[in-house]
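Asker: Here's a structure for you.
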Amino acid sequence: MFSIPAVQTSVARRLTNSLKEKNDVVIEIGRVSIGYFGDVELKEIYIEDHHKDTLLTARELNTSITSIPKLLNNSPSLGDTRIYGLDMKMRRYANEDRDNLGMFIQKLKKEPTGEPAHFELHTGNVQIINSHYSYYDENLDKQDVLDITNLNIFANELVINDENIEVDIGNLSGYEHRDIDIENLSTKFHYDPTSMSLQNMILKTPNSRVDADLFFNYETGDFSDFENLVQVEADFRESTLSSTDLLSFYDGFGKDEKVTFTTKLSGTLNDFELQNFKLNGMDRSSVDGDLQIKGAFSDNGDEFSLD
C-alpha cells in the first residue's frame with residue numbers, strides 16, 4: 001500500500017502539516033515518490049518564509065535516505081542529491097538581524113516546547129541544475145546584494161550543523177545580474193553566526209581569474225553596515241582582474257584593461273591595509289609596497305585617502 005505514489009504523497013503532506021503546527025513553518029510538496037531502497041523523489045516544492053513570502057521553490061529533488069534512525073532523530077543523512085529548477089530568494093528584512101533562511105532553520109530546530117533542538121544534515125554530492133539564487137538586504141542602500149540566474153552547482157559534500165554550514169563547491173557557474181558571467185567558482189565554504197570563509201577560492205570569468213582565501217568576521221547586526229563593521233582578511237595569490245568586470249561596480253574604469261596582482265588584505269572595506277601589494281598592468285603601470293586605503297566604499301568622496 002505505501003508503495004503507491006498517492007499514499008506516499010498523502011503521508012508527506014501529513015508530515016509537512018505537522019511541521020506547520022509544531023514549528024510554524026510552511027512546506028508544501030506536490031508529489032512524493034519513495035523507492036524500496038530509500039530513493040526519494042520530491043516534486044513541486046514550496047517553502048514560505050516568516051513574512052509569508054517565498055523562501056524557495058524547486059521543480060524536483062532526487063536523493064536517498066541512508067539512515068532512518070538519524071532522520072527520526074533530527075539528523076538526516078542523505079546520499080547524492082540533485083535539485084532541478086531551484087529558486088531561492090534569501091532576504092534580510094528591515095530591522096531584522098537574521099535573514100529569512102536563518103529564521104526558517106531556527107524555527108525548524110525548535111521542539112514542541114519551544115526549546116531549541118540540535119539539527120544536523122549530511123549529504124553526499126550535491127548538484128543544483130538550471131536554478132536561480134538571490135540575496136536582498138532591506139537594511140542596505142543597495143539592497144540587491146547578489147542575484148544569479150542560470151545557476152549550476154556541483155558540490156562534493158554539504159554539512160549543516162545547527163547554524164553552521166560547510167560545503168565543498170567543486171564548480172559553480174551562472175550569470176550575476178551586474179553583467180558578470182561566472183564561468184567557474186570553486187571553494188571550500190564555511191558559514192556560522194560570527195564568521196564566513198571561502199578558502200582555496202578560484203573565480204573565473206571570461207576576462208578575470210582570482211585565486212584567494214577570504215575570511216569575514218562579524219557580530220550580529222554588522223551586515224547592516226558591512227563596509228564599516230565586517231572585518232575582512234584576504235590572501236590574494238597571483239590573480240588577474242579585467243576592468244570590464246570592474247565596470248559592474250564602478251563606471252570610472254575603461255574596458256579591456258587587465259592588471260595582475262598579489263597581496264594580503266586586512267581591515268574593513270572602508271579602512272583596509274594592503275601588505276606587500278604587487279600590481280602590474282593598466283598601460284605598463286606597476287605598484288610595489290604597502291598601502292592603507294580609507295573611504296573606498298564611502299558615498300562621500302572626501303573620505304577617500306591612499307597612504
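FYI, it's all coordinate maths here, none of it is from the lab. The structure displayed is predicted, hence computed values, not measured ones. Glycine also receives a Cβ, built like all others from the backbone with ideal geometry; neighbour counts cover every protein chain displayed.
Asker: Do we find a residue being of a type in the set (Phe, Trp, Tyr), free of Cβ contacts under 8 Å to residues at least 24 places away in the same chain and buried (at least 16 other Cβ atoms within 10 Å of the Cβ) anywhere in segment 264-284?
Answerer: Yes, some residue in segment 264-284 is of a type in the set (Phe, Trp, Tyr), free of Cβ contacts under 8 Å to residues at least 24 places away in the same chain and buried (at least 16 other Cβ atoms within 10 Å of the Cβ).
Asker: Name the residue, out of Thr149, Thr187, Thr244, Thr205, that is more than 27 Å from Tyr84 (Cα to Cα) and hydroxyl-bearing (Ser, Thr, Tyr).
Answerer: Unique residue meeting the criteria: Thr244.
Asker: Among the strands (runs of 3 or more DSSP E) confined wholly to segment 133-252, which include 1 or more residues that are out of contact with any strand residue (DSSP E or B) (no Cβ under 8 Å at 6 or more places or on another chain) and either at negative phi or loosely packed, with under 15 Cβ neighbours inside 10 Å (or both)?
Answerer: 180-192
Asker: Select from segment 132-175 the residues that are in contact (Cβ under 8 Å) with a residue 60 or more places away in the chain and closer than 17 Å to Lys89 by Cα and list them in ascending order.
Answerer: Hits for segment 132-175 are Asp137, Asn139, Leu140, Leu151.
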